[in-house]
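Here is the structure we will look at, set down as structure tokens.
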Amino acid sequence: MTTDTTIPVLINGAAEDRISSLDRGLLYGDGLFETIAVADGRPVFWSRHMARLQAGSERLGIPCVDADRLAEEARGLLQGVERCILKIIVTRGTGGRGYRAPTDPQPTRIIQRHPWADYPASCTEQGVRVRLCEQRLGTDPLLAGVKHLNRLEQILARQEWTDPEIMEGLMADWQGNLVEGTMSNLFVVQGPVLATPDLGRCGVAGIVRGVVIELAEELGLSLAVRDLTLTALRAADEVFLTNSVIGIWPVIRLDDHSWRRGQVARQLQEGLAGLHRGDEQWQH
């Protein structure tokens, strides 16, 4: 991944890179974010990202930021750029000391443009190695599915390995059920069934996860959203990961267990690529 820290950014529509030291996103992680792939100058699945941002805002009680305003600001930041990553952060805004939220919050909106992630093409074409993280995900149904700013569990998990050959770490809850990767959602194929972990207790409901669930129905696959154990993972015919930047990565190895990049992953990759090409949700 790129390590360039000089990035174009807008904060509340202004070209600056500073926020108040009293911003609740900084103080408490009181906010949300979206990471959006940009292809051919257009954010992919823009309306889905905006819908998730709105749903997360409602869940946290943060006033919804106007999607049209975000779109206008994003267009300015993407001017002349074909391929990049767009990150949108919305916090509750500034407030005094203490956890009690201000009665009339004024959200802070931050839009960043990052270079495209330089993952090897082999990640998509041949697959990736993963590991099982020791760090567990805490259970909190009220925050389950929400892409909120507190990512400490993922940060601790990602610190567990430095081997560049391992591209992702899988995370389980405290009951031992696999939930997701540090930056991705998890799917397994067992016979005619495509299964993905239930995110009703913890985890992030990824945009591409939702797209894959829809594509599975079109491909005639039986879908199961259920608890997933390590034993069930090892018994799977195929395993793959999803997120908005990587798309779909087949998993080919976990410790001493291996899988092949299977037909289901290939079909879903093709279907996802077709949706990218046909995405008309972003209007210039």
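Okay, here's what the table says:
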item: Residue satisfying all of: in the range 167-196; of a type in the set (Ser, Thr, Tyr) and within 14 Å of the chain's Cα centre (by Cα); surrounded by the fewest Cβ atoms within 10 Å (Cβ to Cβ) among these; result: 182
item: Condition broken by residue 155, with the remaining ones in (1) surrounded by 13 or more Cβ atoms within 10 Å (Cβ to Cβ); (2) closer than 30 Å to residue 8 by Cα; (3) among the β-branched types (Val, Ile, Thr) satisfied; result: (1)
item: Among the residues listed as 224, 232, the single one being surrounded by fewer than 22 Cβ atoms within 10 Å (Cβ to Cβ), in the same structural domain as residue 144 (by TED's automatic domain parsing) and in a strand (DSSP E or B); result: 224
item: Search result, residues across the range 56-68 that are in a helix (DSSP H, G or I), among the hydrophobic types (A, V, I, L, M, F, W, C) and without any contact (Cβ under 8 Å) to a residue 24 or more places away in the chain; result: 67
item: Matching entry among 30, 17 (being under 23 Å from residue 95 (Cα atoms), crowded, with 16+ Cβ neighbours inside 10 Å, assigned by TED's automatic domain parsing to the domain that holds residue 100 and charged (D, E, K, R)); result: 30
item: Pick from the range 69-110, criterion in a loop (DSSP other than H, G, I, E, B) and among the small types (Gly, Ala, Ser), ranking: surrounded by the most Cβ atoms within 10 Å (Cβ to Cβ); result: 93
item: Every pair of residues 6+ apart whose Cβ atoms lie under 6 Å, when the first sits in the range 169-184 and is among the polar types (S, T, N, Q) while the second is surrounded by fewer than 21 Cβ atoms within 10 Å (Cβ to Cβ); result: 177/227; 182/154; 182/158
item: Candidates 213, 166, 207 - the one that is in contact with a helix residue (DSSP H, G or I) (Cβ under 6 Å, 6 or more places away or on another chain) and not assigned by TED's automatic domain parsing to the domain that holds residue 91; result: 207
item: Total residues in the range 107-117, condition over 16 Å from residue 35 (Cβ atoms) and either of a type in the set (Phe, Trp, Tyr) or out of contact with any strand residue (DSSP E or B) (no Cβ under 9 Å at 6 or more places or on another chain) (or both); result: 0
item: Residues located in the range 46-64, provided they are among the aliphatic types (A, V, I, L, M) and out of contact with any helix residue (DSSP H, G or I) (no Cβ under 7 Å at 6 or more places or on another chain); result: 51, 53, 55, 60, 62
item: So residue 253, is it within 27 Å of residue 136 (Cβ to Cβ), in contact with a Leu (Cβ under 9 Å, 6 or more places away or on another chain), surrounded by 14 or more Cβ atoms within 10 Å (Cβ to Cβ) and among the charged types (D, E, K, R); result: no
item: Selected residue (criterion: surrounded by the most Cβ atoms within 10 Å (Cβ to Cβ)) from residues of the range 143-152 that are outside any loop (DSSP other than H, G, I, E, B) and at negative phi; result: 148
item: Inter-residue pairs, beta-carbon under 9 Å, first within 30 Å of residue 16 (Cβ to Cβ) and among the hydroxyl-bearing types (Ser, Thr, Tyr) and in the range 112-133, second at pLDDT 95 or above and crowded, with 16+ Cβ neighbours inside 10 Å, 6+ apart; result: none
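The values are calculated or read from the model by the stated rules, or taken from the named source; none is laboratory data. Predicted, not measured: the structure shown is a model, and the values here were computed from it. With ideal geometry, Cβ positions are generated from the backbone for all residues, glycine too; neighbour counts draw on all protein chains shown.
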